[in-house]
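**Q** One structure, pasted below without further comment.
The values are calculated or read from the model by the stated rules, or taken from the named source; none is laboratory data. Quick caveat, the model's predicted, so the values are computed rather than measured. Methodologically, a virtual Cβ is constructed for each residue, glycine included, from the backbone with ideal geometry; neighbour enumeration extends over all protein chains shown. These area figures cover heavy atoms from the full protein model, side chains too; ligands, DNA and RNA do not enter into them. Shrake-Rupley method; radii C 1.70, N 1.55, O 1.52, S 1.80 Å.
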Amino acid sequence: MRILISRFCVGLAFLCMVPATGFTAEKSYLCAINEVYECVAVTGCSRISVEDANLTGIMLIDIEKKQLRTAPLGGEPRADDIENVALTDKAILLHGTGIKQTDRTWSAVISLETGNLTAGVSTLDSSISLLGKCTAQP
């Protein structure tokens, strides 16, 4: 009986030492933006292109380094800090401000079950809604 209790305690101690994020979230995600909507007061929301939103359609989200990296075609690669990362059983929640001089902030949610990405960018006069898909990177 003592051996059984000892094995149980060792197993329980091992489970307590393993971080919860190791089972649900990967270190990085490659994400593609499929749809972009711009919303402004009075006129409402309309679908726009990624280029019109001044965004890059493909990005790498590095959870471990807390960075969002983009490399627009013909442009300079850029990395923005992710200020907050939260993990739930079903999603990764992200928040950042990017370039502070632009007076904008962003947030995103990545589904751990489907890879669906929903994100929003808020500026002084409008908000942009983004829909896409993410794939975990090895």
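**Q** Run down Leu130, Leu93 and say which single residue is over 14 Å from Leu30 (Cα atoms) and without any contact (Cβ under 8 Å) to a residue 40 or more places away in the chain. Walk me through it before giving the result.
**A** Numbers: Leu130 fails: without any contact (Cβ under 8 Å) to a residue 40 or more places away in the chain.
Exactly one residue qualifies, and that residue is Leu93.
**Q** When Leu4 is evaluated against the numbered criteria (1) surrounded by fewer than 10 Cβ atoms within 10 Å (Cβ to Cβ); (2) modelled with pLDDT of 90 or more, which criterion, by number, is the only one it fails?
**A** Only one criterion is unmet by Leu4, namely (2).
**Q** Out of all the residues in segment 68-91, is one or more open to solvent by less than 30 Å² (accessible area, probe 1.4 Å), modelled with pLDDT of 95 or more and in a strand (DSSP E or B)?
**A** yes
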